[in-house]
Amino acid sequence: MSAAAPRDARGRTLELPRPPRRIVSLVPSQTELLADLGLDERVVGITRFCVRPPEWSRTKRNVGGTKQVRHERVEALRPDLVLANLEENTRADVERLERLAPVWVTDVKSVEGALAMIGDVGRLTARKAEAAALAAQIAAGFEALAGLPPIRVAYLIWQDPLMTVGGDTFIHDVLRRGGLVNVFAERSRYPELTPAELLEAAPERVLLSSEPYPFRERHKPALARLLPGLKLQRVDGEPCSWYGSRLLATPAYLGRLRGGEEPPEPA
């Protein structure tokens, strides 16, 4: 039996002799996707940042961090497929892991790209129908957001230095679909900002993401002194940046975010 996938982020087509039976995922959002595609028994290794589903942290082998992969642990698992990401994993790790098993690398920069990735993972793992149904449900959720009044925002992902998201990122596209206009859309990737640049851009809201920097309520006073007059709002980073099945919850979350909701403080 042959399981074929289109070209990955490196332009490579992966041909597998059969659907993979021992999968290692190095990407938290794709780990959750594997769970929602019903692949529990076939996933053998995940990173320490793969927190969804929570029970997998107890039942799956921890292979290290997304950028600090423990190669000896991966080798011991004898995987027949490793899922990686161009942005979240290092080139050196991917190239070394390819000596152990087939590696499929994603690069998701938009909701459309996420839907394509879900379909690709479904084909790779013999879950094509399940993946198609999931992608259709996600697409319908985003279509329901059309026509929302715009709100100008700056989305911060880091504290020192201040960093935001540019117009070529997945987060930007998610915000756009919720009517949240990125005031730094003309920039690329994850640029650093000065307080003066933020004040000059004059967003209606400054969104403080819970990841990768864990903005909390205690960070607001210092930021308020740096950014007088700007509204600060904490944001759950997962619905805005996870490009797997977490997107099922994103359209509803964007509506609550627009309404001013902030995530609860972690225990």
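The values are calculated or read from the model by the stated rules, or taken from the named source; none is laboratory data. No experiment lies behind these values; they were computed from the predicted model shown. With ideal geometry, Cβ positions are generated from the backbone for all residues, glycine too; neighbour counts draw on all protein chains shown. We work out accessible area using only protein heavy atoms, side chains counted, and drop any ligands, DNA or RNA first. Shrake-Rupley method; radii C 1.70, N 1.55, O 1.52, S 1.80 Å.
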Q.
Positive end of the dipole of the chain, charges at C-beta (+1 Lys, Arg; -1 Asp, Glu), about the Cα centre: which of GLY147, ALA135, TYR253 has its Cα farthest in that direction?
A. ALA135
Q | Separation between Cα centres of region 194-267 and region 42-100, rounded to whole Å | A | 29 Å
Q: Along Cα→Cβ, 7 Å out, is where each label goes; now give me the distance between the ones at ALA140 and ALA202 in nm to one decimal.
A: 4.3 nm
**Q.** Alpha-carbon radius of gyration plus Dmax, which is the widest Cα pair, for the chain in Å
**A.** 19.2, 62
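For region 84-156, which trypsin sites (Lys or Arg not before Pro) are both in a DSSP coil and crowded by at most 11 other Cβ atoms within 10 Å? Numbers along the way, then the final one.
Values: sites: ARG91, ARG96, ARG99, LYS109, ARG123, ARG127, LYS128, ARG152; in loops: ARG99, LYS109, ARG127.
In loop regions of region 84-156 (DSSP not H, G, I, E or B), the sparsely surrounded trypsin sites (Lys or Arg not before Pro) are ARG99.
Give me the number: length gained by fully extending ALA267 to ARG61, i.e. 0.36 nm times residue separation minus the C-alpha to C-alpha distance, one decimal in nm. Each step should come with its number before you reach the end.
Details: separation 206, 0.36 × 206 = 74.16 nm, distance 2.56 nm.
The span from ALA267 to ARG61 would gain 71.6 nm if fully extended.
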Q) Considering the Cα trace of region 1-72, what is its radius of gyration and what is Dmax, both in angstroms? A) 12.9, 35
**Q.** Given charges at Cβ of Lys, Arg, Asp, Glu: the chain dipole, positive-most of VAL165, PRO17, PRO263
**A.** PRO17
Q.
Give the lysines reachable from LYS128 as a straight Cα distance under 18 Å; neighbours fewer than 8 places away on the same chain don't count.
A. none
Q | region 1-153 - percent of accessible surface contributed by carbon and sulfur, probe 1.4 Å | A | 50 percent
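If we sort 160-171, 256-267, 223-234 on the protection proxy, mean other Cβ atoms within 10 Å, highest first, what's the order?
160-171, 223-234, 256-267
Where the accessible area of region 155-267 is counted over protein heavy atoms with a 1.4 Å probe, how much of it, in %, is carbon and sulfur?
The computed percentage sits at 54.
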Q: Could you do me a favour and compute the accessible area per residue for region 109-267, 1.4 Å probe, result in Å²?
A: 44 Å²
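Using just the helices of the chain, give the 222 nm mean residue ellipticity in deg cm²/dmol: DSSP H runs with n ≥ 4 each add -39,500 (n - 2.57), and the total is spread over all residues, rounded to 500. Walk me through the numbers on the way to the answer.
Details: 11 runs with 93 residues, N = 267.
Per the formula, -9500 deg cm²/dmol.
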Q | Estimated FRET transfer efficiency (ARG256, ALA133; beta-carbon r; R0 25 Å; 0.05) | A | 0.50
Q: Any chance you could run the full-extension gain for ARG99 through VAL181? It's 0.36 nm times the residue separation minus the Cα-Cα distance, nm to one decimal.
A: 25.2 nm
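Under 11 Å from the Cβ of VAL206, count the other residues' Cβ atoms, weight Lys and Arg +1, Asp and Glu -1, and hand me the total. All intermediate terms of the calculation are to be shown ahead of the outcome.
On the way: positive: ARG152, ARG205, LYS220, LYS231, ARG234; negative: GLU204.
Neighbour charge sum, excluding VAL206 itself: +4.
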Q. Most mobile of ALA202, ALA222, ALA252 per a Gaussian network model of the chain (Cα springs, under 10 Å)?
A. ALA222
